[in-house]
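Colleague: I'd like to ask some things about the structure below.
The values are calculated or read from the model by the stated rules, or taken from the named source; none is laboratory data. Quantities reported herein were computed from a predicted structural model and do not represent experimental measurements. Backbone-built Cβ (ideal geometry, glycine too); neighbour counts: all protein chains shown. Note: accessible area is taken over every heavy atom of the protein model, side chains too, but ligands, DNA and RNA are not part of it. Shrake-Rupley method; radii C 1.70, N 1.55, O 1.52, S 1.80 Å.
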Amino acid sequence: MSRALQPDEELVELDAEAVRTWCARALDALGREREEIDAINVYPVADGDTGTNLYLTAEAALQAVEAVSAASASAPDTAETVRAMAHGALLGARGNSGTILAQLLRGMAAVLAEGRDGDHLARALAEAASAARQAVAHPVEGTILTVAAAAAAGCAGGGTLLEVATRAHDAARTALEATPGQLAVLGRAGVVDAGGRGLVAVLGALVETVGGRTPDPAGTAPGAVRVLGDVRAVPAGSPRTCDGEAGPAYEVIYLLEAEDAAVDRLRARLDALGDSLVVVGGDGLWNVHVHVDDAGAAVEAGVDAGRPHRIRITHFGADAAAAKPSGRSGPSGPSGAGPGERARRAVVAVVPGEGLAGLCAEAGATTVRSRPGEPPADDELLEAIRRAHAREVVLLPNDTELRRTAAAAAERARAEGIRVALIPTRAAVQGIAALAVHEPDRRFDEDVVAMTAAAGATRYAELAVAERRSFTSAGVCQAGDVLGLIEGDVAVIGKDLTETARTVLDRMLSAGGELVTLVVADDTPPGLAPDLEGHVRRGYLAVDTTTYHAGAGAPPLLIGVE
């Protein structure tokens, strides 16, 4: 984060470090106001998640900016940073307002990449408001679009960075206060627009970044509209439209790789299927959001237009996600079991390295360490199953060589009355994917099927260093060569760890993928993961990356592609 500004000091230019600081402060602001924004969410659907969606979208933007910063040997370039901010938001956009926020940031990035001063910031806000309105099929006044337009109009004419940011923020707050008079459902509920309030928080973070002062939050200034009634009387998740009538049953969101002409046809097709249509993006990658009754038809339209990724379908009548237990271990044991009680279900995972053991333990798993040349025996796995103290156990060996050992341990545990399902994961990255979808509150068979599907959809690779000259499926290697193993077979022989890793990644992604997982050991060069993250970001638009640290005792690099 950039240095703290002194009293009466302000930034002259919005450089890369300032953009990074703005993203971090925007995320903090949305985090503070998330619950209140969720509470006043009544349009376009009263599903109580606008604040959460905005927060997750801003989080994705910050993560992309942090990745660029980590990958830069020197100070990162401003243009690259703002483009990363917009791209991250596009990939991580959630919900109606989150998708619009992503387009706002994309519109700003196009101008801020050309200049850093206040005049460029004013132009950026104008471009953002215009781009966001164009992305919405049927713009409605009294929403985040109105607030964005007011912010742009308020700073027209330019000025210093602080002058532009302050005028934009003040104009946005004034527009937000007027939203209940523009949109009937807001007036009836006695609230301001939730998405607009989130945008005011983001602009407030910008004022703080360039001027060193924190503006009053939305809803606290004299004359600001507050909640007049119990907004939660509108059940979260009920399909309420702005007219108070039942609306479409499903929210459908997906990333789409497609040409502009195909997206134009897609917009018309989705517009006929439902409402709340927002399509944002460009340059071959789009984020599509729509409310429909026929979720399958909305997805099929995306398939006809191009290649959809990360398809998310939410039923508005479903229980709020916040009401669902997390399933993580707490002081009372896995899945909330009290002292002396057996938990309903647990996961036992074999992992290389202390870092992965800690990661899996945080997710609620009982872990067994696998050390080079010292695979755990069935007695050790059986003891871990007992230690999990659960009636049902999912066992993840995470190693092809451990399948028979794990099967023997599972059979012995079953003889003791424990229900054990062995998922034949062949690598730690498959185990991570399985653990990510584990839900202890659903039926055991359904949970095992979901975890097995996630593991099976994850292709894996490993980088190792040859200890001696030998023959491999990729040719003859010499001692010290870097070996790239894909699905257990040597596919690449190289001299440099980074170059070999890039080649392995390219081969794996040539078959498609949406998420790359990198697991690095302690002795792996520190610049390897940022370099590979940048390689994926530059070459594969719709692919995201996540990095974990395995700690000591793990292979130099593990790769998973989902």
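Colleague: In percent, what relative contact order does the chain have, based on Cα pairs under 8 Å that are 6 or more apart in sequence?
Modeller: 11 percent
Colleague: Starting from the stretch 430-488, pick out the trypsin sites (Lys or Arg not before Pro) whose DSSP state is loop and whose Cβ has at most 15 other Cβ atoms within 10 Å.
Modeller: ARG442, ARG443, ARG468, ARG469
Colleague: Sticking with the crude label model, points 7 Å out along Cα→Cβ, report the distance from ASP522 to GLU66 in nm, one decimal please.
Modeller: It works out to 2.3 nm between the two label points.
Colleague: Can I ask one more? Using Cα centres only, tell me the gap between the stretch 426-463 and the stretch 124-189 in whole Å.
Modeller: Their Cα centres are 44 Å away from one another.
Colleague: So, one more: For ALA46, list long-range residues whose amide hydrogen, built 1.01 Å from N in the peptide plane, is under 5 Å from its own amide hydrogen.
Modeller: For ALA46, the qualifying residues are ARG240.
Colleague: Here is a follow-up. Through the Karplus equation 6.51 cos²θ - 1.76 cosθ + 1.60, θ set to phi - 60°, convert the phi angles of the stretch 309-314 into ³J(HN,Hα) values in whole Hz; use x for Gly and Pro.
Modeller: After applying 6.51 cos²θ - 1.76 cosθ + 1.60, I find 10, 6, 6, 10, 10, 10 Hz.
Colleague: Cα centroids of the stretch 276-314 and the stretch 378-397: how far apart, whole angstrom?
Modeller: Centre-to-centre distance over Cα atoms comes out at 42 Å.
Colleague: Carbon and sulfur: what percent of the chain's accessible surface (1.4 Å probe)?
Modeller: Solvent-exposed carbon and sulfur of the chain make up 50 percent of the total.
Colleague: Looking at the stretch 127-197, which trypsin sites (Lys or Arg not before Pro) are DSSP coil and have at most 16 other C-beta atoms within 10 Å of their C-beta?
Modeller: none
Colleague: Separation between the GLU514 and GLU35 pseudo-spin-labels, each 7 Å from Cα along Cα→Cβ, expressed in nm?
Modeller: 3.1 nm
Colleague: Can you give me the long-range amide H partners of THR367? Hydrogens built in the peptide plane at 1.01 Å from N, cutoff under 5 Å, separation of 5 or more residues or another chain.
Modeller: Here ALA349 satisfy the definition.
Colleague: Want the number for ALA552 to ARG188: 0.36 nm per residue separation, take away the alpha-carbon distance, what's left?
Modeller: Length difference between fully extended and current span is 125.1 nm.
Colleague: Okay, moving on. Mind listing which GluC sites (Glu not before Pro) in the stretch 381-432 are in a DSSP loop and have 13 or fewer other Cβ atoms within 10 Å?
Modeller: Passing both the DSSP loop test and the Cβ count: GLU416.
Colleague: Of all DSSP beta bridges located in the chain, what percent are antiparallel, nearest 5?
Modeller: Expressed as a percentage, antiparallel bridges in the chain total about 70.
Colleague: Next question. Kindly write out, for the stretch 165-180 in residue order, the coupling ³J(HN,Hα) from the Karplus curve 6.51 cos²θ - 1.76 cosθ + 1.60 (θ = phi - 60°), rounded to whole Hz, with x marking Gly and Pro.
Modeller: In residue order, the calculated couplings are 5, 5, 5, 5, 5, 5, 5, 5, 5, 4, 5, 4, 4, 8, 4, x Hz.
Colleague: With every protein chain present, what is the per residue accessible area of the chain (1.4 Å probe, Å²)?
Modeller: Averaged over the residues of the chain, the accessible area is 42 Å².
Colleague: Could you list which residues have their amide H under 5 Å from that of ASP294, counting only those 5 or more apart in sequence or on another chain, with H placed in the peptide plane?
Modeller: Answer set, sorted by chain and number: none.
Colleague: Quick one: length gained pulling ARG369 to ARG507 fully straight, 0.36 nm per residue minus the C-alpha distance?
Modeller: 46.7 nm
Colleague: Same structure, new question: Hey, what do the phi angles of the stretch 521-537 turn into as Karplus ³J(HN,Hα) couplings, whole Hz, using 6.51/-1.76/1.60 and θ = phi - 60°, x for Gly and Pro?
Modeller: My calculation for the stretch 521-537 gives 8, 4, 8, 6, x, x, x, 5, 4, x, 5, 5, 4, x, 4, 5, 4 Hz in order.
Colleague: Continuing with the same structure: Per 0.36 nm of contour for each residue apart, how much would the distance between ARG344 and GLN478 grow if the chain were fully extended, relative to their Cα-Cα spacing?
Modeller: The ARG344-GLN478 span can extend by a further 43.2 nm.
Colleague: State the label only: which of (i) 4, 16, 24, 24, 19, 10, 3, 0; (ii) 3, 16, 25, 23, 15, 9, 5, 2, 0, 0; (iii) 3, 15, 22, 20, 15, 11, 7, 4, 1, 0, 0 corresponds to P(r) over Cα pairs in 10 Å bins from 0, in percent computed from the shown model?
Modeller: Of the labelled values, this structure produces (i).
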